[in-house]
Amino acid sequence: MEIVLAIVVGILYTAGVYLMLRRSILKFIIGLIFMSNATNLLVFLSAGLVSGSPVFVDGEKINAEVMADPLPQALVLTAIVIGLGIVVFTLALKYKFFELTGTDDLDQLKKTDN
Amino acid sequence: MNSVILQLAAKYLKWLFIVFAVLALIRGHNSPGGGFIGGLMAGLAIVYNGFAYDTFRIKERLQNFPEWLIAGGLFVIVLSFFPSLLLGETIMSGVWLKISLPLVGELKLGSPLLFDIGVFFTVIGVTLMFIFSLTQKR
Amino acid sequence: MITLVALPILIPFVLIIGMLVCRSDKLARWLGPVASGLLLLLTVVLFVFVQKHGVLAIQMGGWEAPFGITLVVDYLSALMLVVSAIILFVIAVYALNFLPDSININRFFIFFFGLAMGMNGAFVTGDVFNLFVWFEVMLMSSFVLITMGRSKDQLEGGIKYLALNLVGSLLFLAGVGLLYGKTGTLNMAHLAEILKNDDQAILMNTSAVLFFIAFGIKAAVFPLYFWLPASYHTPNITISSLFAGLLTKVGVYTFIRFFTLFFVHDPQFWHQILLVVAGFTMVAGGLAAAAHYETRRILSYHIISQIGYMIMGLGIFTPLAIAGAIFFTLHNMIAKTNTFLVSGMINKARGTFELKEIGGLFKESPLTAILFMIPAFALAGVPPISGFFAKFILIKAGIENGNYVITAVAIFTAMLTLYSMIKIWNEAFLKKQPGNGNPGRSYSFSFAEYFPSVLLGIVSILMGIFAMYVFGYTMEAANQLINPDLYIETVLKGIKL
């Protein structure tokens, strides 16, 4: 199962990088979402997958050796929240930019460069 | 969108959303759930209502409400730091209070729950702010 | 008493709530400077405590060290906290007079304190993932600040700033994941202990590379700095100077922290890379600064060139060199912010940042000229002011350790720095006002407008005159970094105060 998820991480990164290199800002944002999901999955995988042994179950004593590691799950939850906030902010920024200039083309963004 | 079915559903479903949100909030500490998930559900109740009627109208009606929610939520979070400080423990330590109630049984109240409630309101506010900032007049 | 360590984070947090509730501009005008003054006082107290006890650590929520989140303050953190608090205070005062009416000052201070909270959190935390969270808090606030005012240029600069920094954050997070996968811990002290006796530590290079790129983007080192000159000149000058003094230096701080505490397993490789990157950063930034004629752009490129010196100190990796890098960071935060503040004053007097359209300011306002001269001399490294000692320590460390190439590059860049500073000096202050020789308008500054720049100038000079003491502190910080035993012990065993 881990190997499948590892491949999925790879595919998501590939798709993310590909989309980020496109000219459209919207595609860039979608690429960002892909990359952020790939990263979240990577962090989630970092402790390995354990099936059938959730972390906190009231009233039952489970051997810590076989229990799923709770930390990466907590990390991923935090990372998802942060990712959500960032994606929304990026979308809002893109929206305001589009309202102001009417362009979605990254090649038009050359004014502040030099 | 002007769908009668959606509007009728929203009327009742939003309360269902909120009930489940509070449930998720309360059972949160050692089981799946918690302030963040509850907050998202409760935020969705309002957003769902907005989809059924008109998000922009709701935005206009609620005005500064999301910001107040965020401020209030953050304030509750700060409040949750104080019990541990007053007891002389490290800041943010969990302080628990056990109350036995006749019908409900034993109730565990503590500063982590207070913290979760703060997160709950903050998340509702943030969700609304996200949706409203991307809304425009139809 | 130990709760003091958490206060640099808590105070801005409480302030944010207060300002969200009372949306009054009048209150914000008072609360902003007063509260940042309070923060400065608090950090000084923290510094005194660190001097007494060495390292302060607090386990949040009472969870023992490798499991919970630890907040640690050692010499490096304390020094960074104090200097960044000085800058926060100065900018808070500066904002009162230089923020345009189009920006709501209450909103500005909300995100100002958001930035302060994220930055202080990043300085204080002892946990890698927590560092990521504080970085994001800081970045989110800075995203809002940089687009405040919503002109076309700002949104464009904002998109560039956002894009590269988000990629950096994602790489950071991926690095955290790999780090946890290999070591099973994210506590910095615990990581250091594990990796010290690990003969497979070389495998850490994958995550170290990810961290290197992530911090490289945040700190704006050579091949990764392009977001900085594209965005720093777009927002209002108050916000530019806030960013110039603080943001990249947090990246440098994390560089120093990570590559002295636990990524020390493969010194030849990493120090070589750091030195190469440092050299290119210095030269690229310096040359680009020499080519421009707009004060903010010159100064933006100049930030990059100065980052090179800090990375150079880390790359040489002797106690003296790291002390030099820390000294340079502290001096640079103050002097760099001050140059931005003065360029804002030039803009207020003349209404433009273009050097070709301004001139004759020396005659009109000699005090502004002197105020510019202090940080300019400090950056160029003229003796009695802070920059001379910072550069001197770095170059001495480089020669002692036999890193002649990078030392030569550093000296060459010092010339470039001097050149671009002289350029601003000549164009803005000495030459006659272009056109009909008659400035479009003249403007006399009030005391409140001079005050921030005067304060930073005094700090710069004091840092030069009392360089002995500052050097003593930075040396102490460097020793703590090179021999992190006290740090590790304090975090993992815990001390009672």
field: Value at 222 nm in deg cm²/dmol, rounded to 500, when DSSP H runs of n ≥ 4 in chain C each add -39,500 (n - 2.57)
entry: -25500 deg cm²/dmol
- prompt: What percent does the relative contact order of chain A come to when contacts are Cα pairs within less than 8 Å and at least six residues apart?
  reply: 28 percent
- prompt: So what J values fall out for the stretch C:186-200 if you push phi through Karplus, 6.51 cos²θ - 1.76 cosθ + 1.60 with θ = phi - 60°, rounded to Hz, Gly and Pro as x?
  reply: 10, 6, 4, 5, 5, 4, 4, 5, 5, 6, 5, 10, 10, 7, 9
task: Return the calculated 222 nm mean residue ellipticity for chain A, to the nearest 500 deg cm²/dmol, obtained by summing -39500 (n - 2.57) across DSSP H runs with n ≥ 4 and dividing by the residue count.
output: -22500 deg cm²/dmol
Candidates B:Leu87, B:Leu13, B:Leu74, ranked by Gaussian network fluctuation over chain B, Cα under 10 Å, top entry: B:Leu87
message: Give me P(r) over the protein assembly as shown, computed from all C-alpha to C-alpha distances, binned every 10 Å, as integer percentages.
response: 3, 13, 24, 27, 20, 9, 3, 1, 0, 0
field: Cα gyration tensor shape of chain C, rounded if a/c is under 1.5, else prolate or oblate by comparing a/b with b/c
entry: prolate
- request: Please give the solvent-accessible surface of C:Thr337 in Å², to the nearest 10, using a probe radius of 1.4 Å with every protein chain present.
  value: 0 Å²
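Interface size between chain A and chain C, please: total buried accessible area, 1.4 Å probe, rounded to the nearest 100 Å².
On the way: alone 8420 and 18420 Å², together 23720 Å².
In total, chains A and C hide about 3100 Å² from solvent.
So for B:Trp68, C:Trp30, what's the accessible-area order with a 1.4 Å probe, most first?
On the way: B:Trp68 140, C:Trp30 185 Å².
Descending accessible area places them as C:Trp30, B:Trp68.
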message: Keeping all protein chains in the complex and leaving out DNA, RNA and ligands, what accessible area do you get for C:Glu476 with a 1.4 Å probe, in Å² to the nearest 10?
response: 90 Å²
statement: Which residues qualify? For A:Ser24, with a placed amide H closer than 5 Å and at least 5 residues away or on another chain, they are A:Leu106
- prompt: Largest first, what is the accessible-area ranking of B:Glu60, C:Glu64, C:Glu156 with a 1.4 Å probe?
  reply: C:Glu64, B:Glu60, C:Glu156
- request: Leaving ligands, DNA and RNA out of it, work out the accessible area of A:Phe89 with a 1.4 Å probe and give it in Å² to the nearest 10.
  value: 50 Å²
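How big is the dipole moment of the protein assembly as shown about its Cα centre under a simple scheme where the beta carbon of each Lys and Arg is +1, that of each Asp and Glu is -1, and everything else is neutral? Debye, nearest 20, please. Kindly include the intermediate steps, with their values, before the conclusion.
On the way: 46 positive and 38 negative charges, 429 e Å.
Value, rounded to 20: 2060 debye.
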task: May I ask for the net charge around C:Gly68, where only other residues with Cβ less than 14 Å from the Cβ of C:Gly68 are counted and Lys, Arg are +1 while Asp, Glu are -1?
output: -3
task: Can you spot the aspartates and glutamates whose alpha carbon is less than 19 Å from B:Lys11's alpha carbon? Ignore those fewer than 8 places along the same chain.
output: B:Asp54
- prompt: Ranked by accessible surface with a 1.4 Å probe, highest first, in what order do C:Val342, B:Val95, C:Val405 come?
  reply: C:Val405, B:Val95, C:Val342
- prompt: GNM, chain A, Cα, under 10 Å: largest mean-square fluctuation among A:Phe44, A:Phe98, A:Phe34?
  reply: A:Phe98
- line: About its Cα centre, the stretch C:326-450 carries a charge dipole, from +1 on Lys and Arg Cβ atoms and -1 on Asp and Glu Cβ atoms, whose size in debye to the nearest 20 is 200 debye
- request: Please list, in chain and number order, the residues 5+ apart from C:Glu294 or on another chain whose amide H is under 5 Å from its amide H, with Hs placed from the backbone.
  value: C:Leu355
task: May I ask which residue of A:Met35, C:Leu416, C:Leu7 lies farthest towards the positive end of the charge dipole of the protein assembly as shown, with charges of +1 (Lys, Arg) and -1 (Asp, Glu) on Cβ and the Cα centre as origin?
output: C:Leu416
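Using Cα pairs closer than 8 Å and at least 6 residues apart in sequence, work out the relative contact order for the stretch C:266-465, in percent.
Working: 303 pairs, mean separation 55.6, N = 200.
Normalised by residue count, the contact order of the stretch C:266-465 is 28 percent.
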5 angstrom amide H check on C:Asp127, placed H, neighbours 5+ away: C:Thr70, C:Met188
task: Averaging sequence separations of C-alpha pairs under 8 Å and six or more residues apart, then dividing by the length of chain C, give the relative contact order as a whole percent.
output: 17 percent
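From other protein chains only, count the Cβ atoms within 10 Å of every residue's Cβ in A:80-93, then give the mean. Write out the running numbers ahead of the final one.
Values: counts 1, 6, 9, 5, 4, 5, 9, 2, 7, 10, 6, 3, 5, 9.
Average neighbour count from other chains, rounded to a whole number: 6.
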query: Using a cut-off of 18 Å between alpha-carbon atoms, which lysines can reach C:Lys218, once sequence neighbours fewer than 8 places away in the same chain are excluded?
result: C:Lys160, C:Lys249, C:Lys336
query: Helix-derived [θ] at 222 nm for chain B: sum -39500 (n - 2.57) over DSSP H runs of at least 4, divide by residue count, nearest 500?
result: -22000 deg cm²/dmol
message: Under a Cβ-only charge scheme (Lys and Arg +1, Asp and Glu -1), can you give me the dipole magnitude of chain B about the Cα centre, in debye to the nearest 20?
response: 480 debye
- line: chain A, Gaussian network, Cα under 10 Å: of A:Gly85, A:Gly102, A:Gly31, the residue fluctuating most is A:Gly102
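The values are calculated or read from the model by the stated rules, or taken from the named source; none is laboratory data. Keep in mind it's a predicted model, so treat the numbers as computed, not measured. Glycine also receives a Cβ, built like all others from the backbone with ideal geometry; neighbour counts cover every protein chain displayed. Surface accessibility is based on the protein's heavy atoms, side chains included, excluding ligands, DNA and RNA. Shrake-Rupley method; radii C 1.70, N 1.55, O 1.52, S 1.80 Å.
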